[in-house]
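For reference, the structure is listed below as structure tokens.
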Amino acid sequence: MNKIIKYVIADLLRSRTILVYTAVLLVLSFSVFSMEDNADKGVVSLLNIVLFVVPLVSIIFSTVYLYNSAEFMELLVSQPLRRNVIWMSIFIGLAGAVSLAFAVGVGIPVIFYAATASGLILVLCGCALSLIFVSVALWAAVRIRDKAKGIGLAILLWLYFALLFDALVLFLLFQFSDYPIENGMVALSLLNPIDISRILILLQIDISALMGYTGAIFRSFFGTGGGVALTIAVLILWSAVPLWFSLRFFKRKDL
């Protein structure tokens, strides 16, 4: 297992896509922080980059890599190796490389400019989103044999989590504006890892104070020890559940 992980990580770290991804994040992060006079303002400016770019790159890059590595996986399956070992090794290698690229690209500027709780949460949430969307990519790629359709599904999933989900939430807010549905919004936000990350980061900067009553509801839940523990558990589930379904399908799949 360790040999497969080392091979996948070494192969990915030589990838031009990963190198460009790291360099772009590094340049953007240093540029954003150098233009802001306050560390928290820099974190807020980086927030949208983390919430949109990181999931997009993680899911698309991982999906393309899996399709391009089909022959490599066939070779591994032909060896006396258990399929769950092969699949978990590929996941760990992919997730490790993508998370490392993000940690270098955003983590280093954060250390220099925003070594605060908000900066730390930004980096941790970015790494968590990398793991989650690599896991989702594995599920999409193993379910669909055709490469074009698989990449299309990956893009649709990203669009749903990054844009369509928030549009749905806004629609519900407008439709039920006469009812006290703030607690329901808290539960609904747990259905989207991007929203969870956004809330955790904004609460560290205390922008929730500008959100009025709704912000107070979010702070009363996510700001408590129990709320944080539940949030961490939900993020772990978002990473583990798609991976588990993809592993089940891979073990039965005829390559």
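Bear in mind that the values in this text are calculations on the coordinates, not laboratory data. Everything numeric here is computed off the predicted structure, so don't read it as measured data. Positions of Cβ are backbone-derived with ideal geometry, glycine not excepted, and every protein chain shown enters the neighbour counts.
Just want the answer: with Cβ charges of +1 for Lys and Arg and -1 for Asp and Glu, which residue in Leu200, Leu76, Asn2 is farthest toward the dipole's positive end in the chain?
The residue sitting farthest along the positive end of the dipole is Leu76.
Taking the Cα centre of the stretch 102-184 as origin, sum charge times position over the Cβ atoms of Lys and Arg (+1) and Asp and Glu (-1), and report the length of that vector in debye to the nearest 20.
The dipole of the stretch 102-184 has a size of about 520 debye.
Dipole size in debye (nearest 20) for the stretch 1-84 around its Cα centre, Lys and Arg Cβ +1, Asp and Glu Cβ -1?
Here the size comes out at about 420 debye.
In cubic angstrom, how much convex hull volume per residue do the alpha carbon atoms of the stretch 1-124 span?
Per residue, the Cα convex hull of the stretch 1-124 comes to 97 Å³.
Taking Cα atoms, how many degrees apart are the long axis of helix 165-175 and the longest axis of the chain, rounded to 10 and kept between 0 and 90?
Tilt of helix 165-175: around 40 degrees.
Can you compute the helix-only [θ] at 222 nm over the chain? Use -39500 (n - 2.57) per DSSP H run of at least 4 residues, normalise by all residues, nearest 500 deg cm²/dmol.
It comes out at -27000 deg cm²/dmol, rounded to the nearest 500.
Mind checking the angle between helix 147-159 and the chain's longest principal axis? C-alpha axes, 0 to 90 degrees, to the nearest 10.
So the inclination is approximately 10 degrees.
Show which lysines lie in cross-link reach of Lys149 when reach means a straight Cα distance below 27 angstrom and same-chain residues fewer than eight apart are skipped.
Lys251, Lys253
For the chain, place one equal point scatterer on every Cα, skip the solvent, and apply the Debye formula. What is log10 of I(q)/I(0) at q = 0.11 Å⁻¹?
-0.63
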